[in-house]
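The values are calculated or read from the model by the stated rules, or taken from the named source; none is laboratory data. These numbers come from a predicted model, not from an experiment. Cβ coordinates were reconstructed from backbone atoms using ideal geometry, including for glycine residues, and neighbour counts include every protein chain displayed.
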Ligand code: ADP
Ligand code: MG
């Protein structure tokens, strides 16, 4: 049985259909990457999985449970945004603790998880700083750390590296791959970057105007793109 399943998911904003019947079944531990042009619905799809938006039709299943009507906090997902979305007035430690404090986790447990995540991401020496005292790469590590401490069933990444320079992007890409190996968590990752898609993905989903154009392994899409649109995204370096 699949771990994350989207069943004919539709999302409309007023008269505008943004997600137009998307189905997908991802296995536990699978790394799924969504690619597609700006405005095709990638962020909306992640927000529907996270429960930050309600579906107009269709269903979302996580770990065998229909979560279509379940609150974001109870879905067991954690999202990492392009803009980091850190609380500026809180220290790194407070940023990482926030979600667990809201869920009333015991203090020693919160401390233990922060220490562990900080070690994995090599941000132990940054825990007492504020976000404005950090570089872009450090902020993104903190944003990822904040997701890790919640021990989510599924990580959702919305273009997490697109604000970083090329060198840092390369480093963080390797870190994210390492994270995936370490936790074996299911990951859904949105990117514009062909290299990220090709190197991180078990499977790539190509979206166009709210519909799935093709789903396959990087090799399948590279070797046998369904059409010139897919070939334009995966085949040719951009
Ligand atoms: P992507 O992440 O692929 O660039 P988005 O999911 O952000 O695309 O947006 C897909 C489409 O949905 C766009 O046309 C966008 O304008 C529209 N859209 C997204 N969020 C809203 C909203 N809250 N209200 C109305 N339209 C929206
Ligand atoms: Mg987006």
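Just a few scattered comments:
- Boolean, residue 130 is farther than 17 Å from residue 43 by Cα, surrounded by fewer than 18 Cβ atoms within 10 Å (Cβ to Cβ) and either modelled with pLDDT of 95 or more or touching a helix residue (DSSP H, G or I) at 6+ places or on another chain (Cβ under 7 Å) (or both): yes
Residue-wise test of (1) surrounded by fewer than 20 Cβ atoms within 10 Å (Cβ to Cβ); (2) out of contact with any helix residue (DSSP H, G or I) (no Cβ under 7 Å at 6 or more places or on another chain).
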| position | (1), (2) |
| --- | --- |
| 170 | yes, yes |
| 177 | yes, no |
| 189 | no, no |
| 195 | yes, yes |
| 199 | yes, no |
| 215 | yes, yes |
| 232 | yes, yes |
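- Answer residue from segment 145-180, given it is farther than 22 Å from residue 2 by Cβ, modelled with pLDDT of 90 or more and in a loop (DSSP other than H, G, I, E, B) and is farthest from ligand 2 (Cβ to nearest atom) among those: 149
One line per residue, one yes/no per condition, for (1) out of contact with any strand residue (DSSP E or B) (no Cβ under 7 Å at 6 or more places or on another chain); (2) free of Cβ contacts under 8 Å to residues at least 24 places away in the same chain; (3) away from ligand 2 (no atom under 11 Å from the Cβ):
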| residue | (1), (2), (3) |
| --- | --- |
| 42 | no, no, no |
| 46 | no, no, no |
| 53 | no, no, yes |
| 58 | no, no, yes |
| 61 | no, no, yes |
| 71 | yes, yes, yes |
| 78 | no, no, yes |
| 82 | no, no, no |
